Amino acid sequence: MLDVLVIGGGPAGVLAALRAGDLGARTALITRDQFGGMAATDGLVPVRTLAHAARLMRDARQLGQYGINVGEAVLDYGKLLERVREVTSEVRAHSLLRQQINAVAADIYEAVGPVHFVDAHTIANAEGLKLFAKNIIVCTGGSSRRLNVPGSDLTVTHSDAWKLKTVPQSMLVIGAGATGVQVASIFNAFGSKVQVFQTGPRILPGEDEDVSAEVAKAFRESGIEVREDFGAIDSFEKTPSGVRMFFSKNGVHNSAEATLVVAAIGWKANTEGLNLDKAGIEIDARGFIRVDEFLRTSANHIFAAGDVTGQLLLAPQALHAGFLAATNAVRGPTMPTCDQVAPIGSFTDPEYAQVGLTEVKARESCEVVVATVRFDATTRPIIDGRTAGFCKLIVARQTRKILGCHVVGERAVDIVQLAAVAIAGEMQIDELAHVPLSFPTYAGVLSRAAASIARRLNLNVHWQES
């Protein structure tokens, strides 16, 4: 019998298997598909590759501004998909985590298809493979939720969008959270006529309000039609050239048509067919596996980590959860979850990213000082011709601690990583302002914002050009 069996080969699963093996447990990892899970095959890796291609298309249009004369950039989508396959294959083949898992002698059962609980200690697949374990960690991830209106079978999810063989002439994107805006941004760059529909009053509802407004403005300027607070979807119907969506608000009916409709309306846990009841595992009201602070399920010897729990649906957090779950599975419940500094960002055009509290949330807890520095007031964005966007810092007036950072624009994701380190290190704002960051860099905008707040708090700081 195994000491630990990990179900799922995504970020949470691979880290859980590695940690359990490191602790000396006899460990196995079993995965329905390829090693790496959605992050490698349908998530971060292929999406980032497509986003890089979109960025190269954008950069090519700027070459003439710098005296570089070349022909018009034309996308060969088939060749791009070949590159995506090459990248995902290389990532799986050269994954350092896979090498480390092999080094701790953990077994990997790859591409075994769907598995299910036979009982609380036994996992099997349809071909007769059975594995027995003292402790089990469920890391089966999540997938896109589907619309539930007449004709919704005519829509696709983001997963289907990434697998298209050609770029659609036009596209409706339903839902403007992180996934929806990525789909919209990438295919707009590839030449699709994109319309984004958001039921709420603003796109990116989980972001700071200024971020939502800036990204919406940039999207509209790039040709994307953004329709916020549009009402409710009534139905879909097939047309000779694609799909028509019918929607209404306050009794007024309307419609929109496109070659393809992508629904990006949220996430659900991949638990279908697992037979969780056979193991005594409970789910919550949203359908995710219920866990305690040690990531234990309702069955004390079974743990869960990653998207399947519905907690912070992000790869870095899944890695951390896998580490915690495996530690507690091997050593007993000794390492509880805790609030983490969690930078979040997306490789749209423009990029956006954040860490910590939004301004609204911060003002609910204390008196704050806020500084916003626009990119067109700093040197590196001017040099590169990428002056759209801003950096916003939020600081507690009394403690001078950084509560949040929100960035829209070129290298936004990288800038926020620096802010995350400052928050995790509990730096005060004048300490951040005194760090002599290299010049000229995009990160310099962070120094400008920090110096602005430090001066307003009458702190001794030498202003740095950026």
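Rounded to 0.05, the FRET efficiency of the Asp229 and Leu23 pair, given R0 = 41 Å and the Cβ-Cβ distance, is 0.20.
In the chain, the calculated helix contribution to ellipticity at 222 nm averages -10000 deg cm²/dmol per residue, counting -39,500 (n - 2.57) for every DSSP H run with n ≥ 4. Between the range 358-415 and the range 149-166, what's the alpha-carbon centroid distance in Å? Each part's Cα centre sits 36 Å from the other's.
Determine, for each peptide in 188-196, 281-289, 320-328, the mean count of other beta carbons within 10 angstrom over its residues, then list the peptides with the highest first. Walk me through the numbers before you get to the answer.
Numbers: 188-196: 21.7, 281-289: 15.4, 320-328: 25.4.
Top to bottom by mean Cβ count within 10 Å: 320-328, 188-196, 281-289.
Sequence neighbours fewer than 8 away in the same chain don't count; with that in mind, list the aspartates and glutamates whose C-alpha is under 20 Å from Lys165. Excluding near neighbours in sequence, the set is Asp42, Asp76, Glu82, Glu86, Asp153. The GluC sites (Glu not before Pro) of the range 366-466 meeting both criteria, a DSSP state outside H, G, I, E and B (loop) and at most 15 other C-beta atoms within 10 angstrom of the site's C-beta, are Glu367, Glu426, Glu465.
For the chain, give me the percentage of DSSP beta bridges that are antiparallel, rounded to the nearest 5 percent.
Here the antiparallel bridges make up roughly 65 percent for the chain.
Pairs over the 25 Å Cα-Cα cut-off, from the set Lys193/Lys392; Lys193/Lys268; Lys79/Lys193: Lys193/Lys392; Lys193/Lys268.
With the cut-off at 1.5 for a/c, could you classify the chain from its C-alpha gyration tensor as rounded, prolate or oblate?
Since a/c reaches 1.5 but b/c is at least a/b, the shape of the chain is classed as oblate.
Take each of the peptides 358-366, 9-17, average the number of other beta-carbon atoms within 10 Å over its residues, and list them starting from the highest.
Highest mean packing first, the order is 9-17, 358-366.
Computing FRET efficiency as 1/(1 + (r/R0)^6) for Arg83 and Phe439, where r is the C-beta to C-beta distance and R0 is 41 Å, gives about 0.75. DSSP beta bridges in the range 152-265, what fraction antiparallel, as a percent rounded to 5? So the antiparallel bridges amount to about 50 percent of the total. Peptides 47-56, 73-82 ordered by packing proxy, namely the average of other Cβ atoms within 10 Å per residue, highest first: 47-56, 73-82. What shape does the range 239-377 have by the C-alpha gyration tensor, where a ≥ b ≥ c are the square roots of the eigenvalues, rounded means a/c under 1.5, and otherwise prolate means a/b greater than b/c and oblate the rest? Oblate shape, in that a/c is at least 1.5 and b/c is the bigger or equal ratio. With the cut-off at 1.5 for a/c, could you classify the range 152-265 from its C-alpha gyration tensor as rounded, prolate or oblate? Oblate, since a/c reaches 1.5 and b/c is not below a/b.
With Cα atoms defining each centre, the range 422-456 and the range 250-323 are spaced 37 Å apart in the structure.
Here, each number is a calculation from the coordinates, and none is a lab measurement. The model shown is predicted, which means the values in this text are computed figures rather than measured ones. When we count neighbours, we look across all protein chains shown, and the Cβ atoms used for this are built from the backbone with ideal geometry, even at glycine.
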